[in-house]
Amino acid sequence: MKCPNCGVEIKPRNPLLTVDVIFEIGDGILLIERKNEPYGWALPGGFVEYGETVESAVKREALEETNLEPANLYLFGVYSSPDRDPRFHTVSIVYVATARGEYIKAGDDAKDAKIFTKETLPDNIVFDHRKIINDYFRWKRSWI
């Protein structure tokens, strides 16, 4: 990319855009166990592809990783701490959704997928997903 005024080459260095979904299933949420580093449990999600809307990306990623389609998408928040992902600087747009589909099946880069309640969350949650999940349960409690 070049500056239209002076012709100097511009090398943008922007955070990578990602999406995550908090699937509400009964009293719990769905997490996936990652096949790739960093290993551990995470919310279903991934990178937004060029030319793709974030809504399309969250649906695609959720379906690939869990065999479930997000329904009733609700924008929950945006998480942008530069150290939220140990690999690179990412910004995640996080949604809450109900799940549509016949059964949960881990796929793509997910090794497993399970439903957890606030009390049964695993210890090894990666990225900043523990913070996102805690924010979610705090928000959910405020609605009761």
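The values are calculated or read from the model by the stated rules, or taken from the named source; none is laboratory data. Everything quoted here is computed from the prediction, not taken from an experiment. Every residue, glycine among them, receives a Cβ derived from its backbone with ideal geometry; neighbour counts consider all protein chains shown.
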Find all pairs meeting these conditions: Cβ atoms under 6 angstrom apart; at least six residues apart or on different chains; first residue within the range 111-125 and within 11 Å of Leu30 (Cβ to Cβ) and in contact (Cβ under 8 Å) with a residue 60 or more places away in the chain; second residue of a type in the set (Gly, Ala, Ser) and in a strand (DSSP E or B). Ile115/Gly28; Phe116/Gly28
Conditions (1) farther than 23 Å from Trp143 by Cβ; (2) surrounded by 15 or more Cβ atoms within 10 Å (Cβ to Cβ); number of the one not met by Glu102: (2)
Just give me the residues in the range 103-144 being within 18 Å of Gly77 (Cα to Cα) and in contact with a helix residue (DSSP H, G or I) (Cβ under 7 Å, 6 or more places away or on another chain), in sequence order. Phe137
Here the residues within the range 37-80 that are closer than 14 Å to Tyr136 by Cβ and touching a residue at least 40 places away in the same chain (Cβ under 8 Å) are Ala42, Leu43, Pro44, Gly45, Phe76, Gly77, Tyr79
Against the condition assigned to a loop (DSSP other than H, G, I, E, B), among the charged types (D, E, K, R) and either within 15 Å of the chain's Cα centre (by Cα) or modelled with pLDDT of 95 or more (or both), how does Asp108 come out, does it pass? yes
